There are 4 protein chains.
Amino acid sequence: MTTHHFSPTHYHVTLGSHAPALYIADGDTVMTTTVDANGHDASGRVITAEPNPMTGPFFVKGAMPGDTLAVHLDSIMPNRAWGWTRAALAANVVNPEYAQTLPLREIVNWHVDVEKWIAILDAPPRGLENLAIPLAPMLGCFGVAPWDGQAISTVTSAEHGGNMDYNGFVQGVTAYFPVFVPGALFHLGDGHAAQGDGEIVGTGIEISMDVQFTARIIKNKSDLPIRKINTVRGENAEFIFTVGNARPLDQALQIATTEMHQWLTSDYGLDTTGASLLMGQCVRYEVGNVFDPAYTMVCKLPRGYLTRE
Amino acid sequence: MTTHHFSPTHYHVTLGSHAPALYIADGDTVMTTTVDANGHDASGRVITAEPNPMTGPFFVKGAMPGDTLAVHLDSIMPNRAWGWTRAALAANVVNPEYAQTLPLREIVNWHVDVEKWIAILDAPPRGLENLAIPLAPMLGCFGVAPWDGQAISTVTSAEHGGNMDYNGFVQGVTAYFPVFVPGALFHLGDGHAAQGDGEIVGTGIEISMDVQFTARIIKNKSDLPIRKINTVRGENAEFIFTVGNARPLDQALQIATTEMHQWLTSDYGLDTTGASLLMGQCVRYEVGNVFDPAYTMVCKLPRGYLTRE
Amino acid sequence: MTTHHFSPTHYHVTLGSHAPALYIADGDTVMTTTVDANGHDASGRVITAEPNPMTGPFFVKGAMPGDTLAVHLDSIMPNRAWGWTRAALAANVVNPEYAQTLPLREIVNWHVDVEKWIAILDAPPRGLENLAIPLAPMLGCFGVAPWDGQAISTVTSAEHGGNMDYNGFVQGVTAYFPVFVPGALFHLGDGHAAQGDGEIVGTGIEISMDVQFTARIIKNKSDLPIRKINTVRGENAEFIFTVGNARPLDQALQIATTEMHQWLTSDYGLDTTGASLLMGQCVRYEVGNVFDPAYTMVCKLPRGYLTRE
Amino acid sequence: MTTHHFSPTHYHVTLGSHAPALYIADGDTVMTTTVDANGHDASGRVITAEPNPMTGPFFVKGAMPGDTLAVHLDSIMPNRAWGWTRAALAANVVNPEYAQTLPLREIVNWHVDVEKWIAILDAPPRGLENLAIPLAPMLGCFGVAPWDGQAISTVTSAEHGGNMDYNGFVQGVTAYFPVFVPGALFHLGDGHAAQGDGEIVGTGIEISMDVQFTARIIKNKSDLPIRKINTVRGENAEFIFTVGNARPLDQALQIATTEMHQWLTSDYGLDTTGASLLMGQCVRYEVGNVFDPAYTMVCKLPRGYLTRE
């Protein structure tokens, strides 16, 4: 297994079948950097165009359509001392008439202190003078090239991943993506130092990052290019989870729930009824974003209830 | 403060302006029982008609429209040794085409062991032989009489509460309801020994309960019958939370998010921007039910970020 | 068959199991009046409380749960010379951020000229000086008492009818309602002199009406109290149609589409595939309201494609 | 103005910044052909891969981002004598539990008789022996290259057009598209001999077509690359209309309604209140598709109410 040190020289605002930025082997590790959602790098300069510029894509040698790409997030670390957020709730997350009372969008800056592992407002309004949010660095937008030659904007998400803005994508998590094109073409960016559920102001604490990840191919054992998984999945020491990206939230939930049911019946020795019984009383949902064109809902199960076949 | 021991003699399948079952004073405590969602009591007999028969209503003397009713859930304890759930995911929580592959509804029984504090399937399918779910007894359906003389079925929910099926309504929580009619008319029932998020098989572990609660009136300080709160709220030692009941989930989320923003600006010393900044990076969402006619979304904030004015 | 002349003396703001205002027989005709949505009568006085005060309920002797109530709208005629509308698009019918640019709610008056059969703004803004909308008088809110003893506000709608605000409910149409309680308990009101699709300013041209209708019972031939129809239906010389009342619009459409499929297979000699083939290429949808708590979608089929069995 | 006769040699399954198939000038007319949704041509051979293969793209010389492309549909004519549809309602257009009763997808063929201008089932099920649907040839999927270098699948739709499946896109209509890339890059295909509203079996009567269109550029008069229009618009002799492509249908309706309000205030001499008043009482909605990943809702206004400034 090789560890690659990769310094990006250009970025993409779509996830698509772009020329590979680096070829890596199954099991390789990559240490690289991401700019923030507006294209600011570690030094604070704008070096590329918004929205959510992607580092990559990384071509994983041997990955073929129908396979699954496993990306272990080894490390996600802010590489500068400030981030920014919007300062008003998005119009679509409040009652329509209440939206008429909200101020327009404005940007505020936060001091991101990786020594103390907290984020603090530069100019806190009344009542937030003591607010110190624990850091929980995450990737807001990452994934693979989509099917049928599509190139899909980094403002949205789908089966290939993309702008999911789920605050559970932190270091220590393995994310799984369906592979649609040879090499999978993995893209990443849009780091947040922390983020509430839903990304309801339209941003996390947007920041540039040092990221290390390890990519592994799970081969499709079928001869047919049938996808082993149908949408993004993930796991860590405590949970397995599935990710639905769609609008409305109801549909995102349907996708995540269906994928979990399929996972339990294919890999965890449960039949249809067993999977339903377990999910009915033990499942948990988490909200990724409810701001982007596609919303994100996560369906989780604690590992303690599961026996891998 | 008085403690009332109340044995219900009849039940209601709507929350409405029914004749009071008991008059209580501000601050009084009530010890009573609830039957399960299908009308089975502690002895397992069906003593009243489904769905979700309600104990009550309790008339809280002095409660007037515009006030808020605070109900502290002192104790929620299963009073028999078995519960039941459905055994198939509901058609509306999976992808529409996947629904076509699911079996029809069927009922299974669970042994509910309050000594060991676990629930176990009576006839576990393959892979669930060792499943033992920790109990987390909750009320699925409770609330007050709605506005304008309405009587609303216990299958659904709205601003007055009702069938929210939120697994955070456990003992130790205080729930807040807008008061729409004199006496508030508090109803309760539909106990679950445990329940996954979303109530995605259409039930929790349905069971009869012994319940103790304490009711308190928070007077509207205005001379006008303006409601202090606009939908259900709650809190415990760790969180404050707001509850949106509507379809789709997007709208339930909008209601909960709006109510939290209003709570923070009215009671916690934050202005519009401060409340937005805090919520944007610190809020959490939890899914009540995604099965009933109205879905339920909960918006939570950890108390640690708050300073009561 | 008797024709009743009924002058209402009180009104209801819920559809529910209220004391009958008049008992009528199967096949009887009623001539009566309705006040406007805010309770103004033909003389312009406010005589009862908003919202959408209902005339009735009318107890149709012999109607039993499981039957269908057919209400032929013989005549719907404005009985005064003015109506009112709101003047701004509702916040929920435009893009959330666009809502922030809209003015707040305001009321404007219209001259309703039944001689010329047009409605004209009292104080037209620039560009609408010549606007003369053809009258198309309709009932916005009507229906029967709902199931399980519910009383449901006239601001919303469901299987029992209610505030559907569908501009196809004009004279000459027969509306069908499931019967949930003995006597059906038919309520009506909320007349509009005209209304665009969707009721997107939150009102039609609100006006008091003289209404004549004829009620007929279609007996359930089963011995069981199974409902023959599951939601509101209608027909006129040109179309048959079904009405879905729910949120979001997607669900309203699902309800209407399901009901049409069931109607075609039960009454028009088609099997499941035949009904699907016909609907797929011939169905039309119309939007009732997208303003009220429950939206309304109508599924229509031209009679020309149908052969009654 | 030139008339081009263009025979496609290859097709695209995304709308994107593909190499132009033909360069045309502002005002030119193109006569070309489209294959059906599954890639069958006029002779019935499969000559390219599904879904919805696009003819083009056509580069309109002089079109620049911020301009509007006007495409007049001069003629849309089936060029073979058969089409096909699916035979079962899509699972997502009926109640979730009802979907479980529907058969799986199956294909049936129709005889398309352009002499008699009707479509007839090859093997009609009971009750549809006499079904003869009037032809109303339309384009299901057409539009321009999207923004930010995206390539978006022909199964879905957005601001750039795409798979809208609106049965109002017939000959005689002018469709308007925002221009996102130099040359606009117009694509077309997915012809239907006829189609019900909603495309609720997932297809119209799918058929290959001879198509003639005329393209015209409406220059953005601003110096800035601000789009004059924000989503697809259209008009014919009777109506102007706007098209919202999104999920759920509620959001599609919001987009279409917003765009109509903007059109009326920018081009028809109405202020915000005037546009709202007119729309509130005169607007009509039509459903494009409720099958594809993005649904389509159309907002229409009769020309009779409008005075062009």
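The values are calculated or read from the model by the stated rules, or taken from the named source; none is laboratory data. No experiment lies behind these values; they were computed from the predicted model shown. So basically every Cβ, Gly included, is an ideal-geometry build from the backbone, and we count neighbours across all protein chains shown. The protein model used for the area step is the full one, side chains on, heavy atoms only, and it has no ligands, DNA or RNA in it. Shrake-Rupley method; radii C 1.70, N 1.55, O 1.52, S 1.80 Å.
Once you've got the Cα coordinates, tell me which of C:Lys61/C:Lys221; B:Lys61/B:Lys221; D:Lys61/D:Lys300 are over 25 Å apart.
The answer is D:Lys61/D:Lys300.
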In sequence order, what are the phi-derived ³J(HN,Hα) couplings for the stretch C:206-218 according to the Karplus relation 6.51 cos²θ - 1.76 cosθ + 1.60 with θ = phi - 60°, rounded to whole Hz, with x for glycine and proline? 6, 7, 7, 9, 9, 10, 10, 9, 10, 9, 9, 9, 10
With the crude spin-label approximation of a point 7 Å out along Cα→Cβ, what separation in nm comes out for D:Asp74 versus C:Ala19? 7.5
Mean Cβ count within 10 Å, highest first, over the residues of peptides D:212-218, A:192-198, D:186-192: D:186-192, A:192-198, D:212-218
Segments A:240-250, D:228-238 sorted - mean Cβ within 10 Å per residue, highest first: A:240-250, D:228-238
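With a sphere of radius 15 Å drawn around the Cβ of A:Asp197, what net charge do the other residues whose Cβ falls strictly inside it have (Lys, Arg +1; Asp, Glu -1)?
Working: positive: A:Arg284, A:Lys300, B:Arg284, B:Lys300; negative: A:Asp165, A:Glu199, A:Glu286, A:Asp292, B:Asp197, B:Asp250, B:Glu286.
Once positives and negatives cancel, what remains is -3.
Calculate the mean, over all residues of peptide B:290-300, of how many other protein chain Cβ atoms lie within 10 angstrom of the residue's Cβ. If you can, show how the numbers build up before the last one.
Details: counts 7, 1, 0, 5, 2, 3, 0, 5, 0, 6, 1.
That works out to 3 on average.
Averaged over its residues, how many other protein chain Cβ atoms are within 10 Å of peptide D:191-200's Cβ atoms?
Details: counts 0, 1, 1, 2, 4, 10, 9, 9, 3, 11.
What the average comes to for D:191-200 is 5.
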Can you grab the distance from the C-alpha centre of the stretch D:1-45 to the C-alpha centre of the stretch B:135-204, Å, no decimals? 59
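From the Cα gyration tensor of chain D, with a ≥ b ≥ c the square roots of its eigenvalues, which class applies: rounded if a/c is under 1.5, or else prolate if a/b is larger than b/c, or else oblate?
Oblate shape, in that a/c is at least 1.5 and b/c is the bigger or equal ratio.
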Sorted by chain and number, the residues with a modelled amide H under 5 Å from that of C:Tyr295, at a separation of 5 or more or across chains, are C:Ala246, C:Arg247
Using only the Cα atoms of the stretch B:52-160, build the gyration tensor, take square roots of its eigenvalues as a ≥ b ≥ c, and label the shape rounded, prolate or oblate: rounded if a/c is under 1.5, else prolate if a/b is larger than b/c, else oblate. oblate
Comparing C:Gly274, C:Gly127, C:Gly288 in a Gaussian network model of chain C (Cα, 10 Å), the one with the largest mean-square fluctuation is C:Gly127
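Mind running the shape call on the protein assembly as shown? Use the C-alpha gyration tensor, a ≥ b ≥ c as the square roots of the eigenvalues: rounded below 1.5 for a/c, prolate if a/b tops b/c, oblate otherwise.
Working: a/c = 1.44, a/b = 1.06, b/c = 1.36.
It is rounded, given that a/c, with a ≥ b ≥ c, falls under 1.5.
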Kirkwood Rh over alpha-carbon pairs of the stretch C:157-309 plugged into Stokes-Einstein at 4 °C, 1.567 mPa s gives a D in µm²/s of 80
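Using only atoms on other chains, find how many Cβ atoms lie within 10 Å of each Cβ of peptide B:128-139 and report the average.
That works out to 2 on average.
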At 1.4 Å probe radius, can you tell me the per residue accessible area of the protein assembly as shown in Å²? 33
Output the relative contact order of chain A, whole-number percent, from Cα pairs under 8 angstrom with separation of 6+ residues. 23
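Name the GluC sites (Glu not before Pro) in the stretch D:70-137 that are in a loop by DSSP and that have at most 15 other C-beta atoms within 10 Å, would you? Please list the in-between numbers first.
On the way: sites: D:Glu97, D:Glu106, D:Glu115, D:Glu129; in loops: D:Glu106, D:Glu115, D:Glu129.
Answer in residue order: D:Glu106, D:Glu115, D:Glu129.
Could you sort D:204-210, B:16-22 so that the peptide with the highest average Cβ count within 10 Å comes first and the rest follow in order?
Numbers: D:204-210: 25.6, B:16-22: 17.7.
Put in order of decreasing packing, that is D:204-210, B:16-22.
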Please give the Cα centre distance for the stretch B:280-299 versus the stretch D:59-128, rounded to the nearest Å. 39
Residue-ordered couplings for the stretch C:4-16, obtained by feeding phi - 60° into the Karplus form 6.51 cos²θ - 1.76 cosθ + 1.60 and rounding to whole Hz (Gly and Pro as x), are 9, 9, 10, 9, x, 10, 8, 9, 10, 9, 10, 8, x
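What's the buried accessible area, both sides, between B and A using a 1.4 Å probe, rounded to 100 Å²? Walk me through the intermediate numbers first.
On the way: alone 13600 and 13590 Å², together 22020 Å².
Buried: approximately 5200 Å² between A and B.
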